[in-house]
Amino acid sequence: MKTRIIGAIIALILAVVGAFFLVTYVRGADARAQEGAELADVYVVAEEIPSGTTGESVGDFVELDTAPKRNIPEGAVTDLSELDGLVADGKVFVGEQLLQAQFIDPAVKASRGDVDVPAGMQEVSFALPVQRMVGGAIRAGSKIGLVVTKYEVGVDIKDATPTFVPESQFSFNGVLVTNAQIGENVSDGDSSDKDETSGDTILLTVALATHDAERLVWAMEGYEQQGDYIQYVGVWATLQNDATDVSGSSPVNESTFR
């Protein structure tokens, strides 16, 4: 019995010693493999990057690591600023190295009809005549502003009596267009109206936050259903870009127009 116990103890000791030497050897092999290898910084995806994520926000999804230069693929991102102005062309999965080829110009992505809705936003559509839509220059992927004209409490410039006056101002800026379609618009009037005309309209689908969607619907309801209660609401779109300066916006009415 004692012989068996002693044998078991010796076998356990040998197993432990063998495991120690094996681990030491493997670590030594890794170290030897790294000797002389030039290392470089790489970005590895720590959290899945959704399609359409802007290059400026990629830093929230990745972590910096190092790897031998020979193991870093061509086009690996070494500076996150390289992705400024670009968007993810598709999902980038956890564990992948960050590559420039995974990102694309948003205009190119939009030209394929592939515009991603930013997280937390929702899509809503509206149509306006082409002359209110920058002559039809708006495309999927465009950023637009919307100028809304509505009646506000004011004074009559002739006799200073209280009245309602039309007032125009930018109500939306930097709105992402996810789809644009050309359609036909029939003017107000019944089918017997000889003066009835038709013209091109643009149907836009845009991505908006919840309250902004409510504001746009209100403006379009007023534009389409003018009457005694809402005498006039007008909506015009502008085509914007990353350099557009909207800091000079202010309400314009018959008193402030100059």
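Summary of computed values
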{"quantity": "Test for GLY189: is it exposed (fewer than 15 other Cβ atoms within 10 Å of the Cβ), modelled with pLDDT of 85 or more and on the phi > 0 side of the Ramachandran plot", "calculated": "no"}
{"quantity": "From the options SER81, SER125, SER142, residue that is under 30 Å from ASP200 (Cα atoms) and exposed (fewer than 15 other Cβ atoms within 10 Å of the Cβ)", "calculated": "SER125"}
{"quantity": "Condition broken by PRO129, with the remaining ones in (1) modelled with pLDDT under 90; (2) out of contact with any Phe, Trp or Tyr (no Cβ under 7 Å at 6 or more places or on another chain) satisfied", "calculated": "(1)"}
{"quantity": "Count - residues of the stretch 115-153 that are charged (D, E, K, R), in contact with a Ser or Thr (Cβ under 8 Å, 6 or more places away or on another chain) and not in a strand (DSSP E or B)", "calculated": "2"}
{"quantity": "Given (1) out of contact with any helix residue (DSSP H, G or I) (no Cβ under 6 Å at 6 or more places or on another chain); (2) crowded, with 17+ Cβ neighbours inside 10 Å, index of the condition LEU86 fails", "calculated": "(1)"}
{"quantity": "The one condition in (1) farther than 15 Å from ALA101 by Cα; (2) modelled with pLDDT under 90 that GLU47 fails to fulfil", "calculated": "(2)"}
{"quantity": "Among the residues listed as LYS109, LYS143, LYS194, the single one being within 17 Å of the chain's Cα centre (by Cα), at pLDDT below 90 and charged (D, E, K, R)", "calculated": "LYS109"}
{"quantity": "Subset of the stretch 68-102 (residues that are β-branched (Val, Ile, Thr) and part of a loop (DSSP other than H, G, I, E, B))", "calculated": "ILE72, VAL77, THR78, VAL94"}
{"quantity": "Which listed residue, of ALA76, ALA15, ALA33, ALA67, is at pLDDT 90 or above, farther than 30 Å from VAL177 by Cβ and among the aliphatic types (A, V, I, L, M)", "calculated": "ALA76"}
{"quantity": "Qualifying position, being within 23 Å of ASN241 (Cα to Cα), in contact (Cβ under 8 Å) with a residue 24 or more places away in the chain and surrounded by 13 or more Cβ atoms within 10 Å (Cβ to Cβ), among VAL108, VAL58, VAL92", "calculated": "VAL58"}
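The values are calculated or read from the model by the stated rules, or taken from the named source; none is laboratory data. The structure displayed is predicted, hence computed values, not measured ones. When we count neighbours, we look across all protein chains shown, and the Cβ atoms used for this are built from the backbone with ideal geometry, even at glycine.
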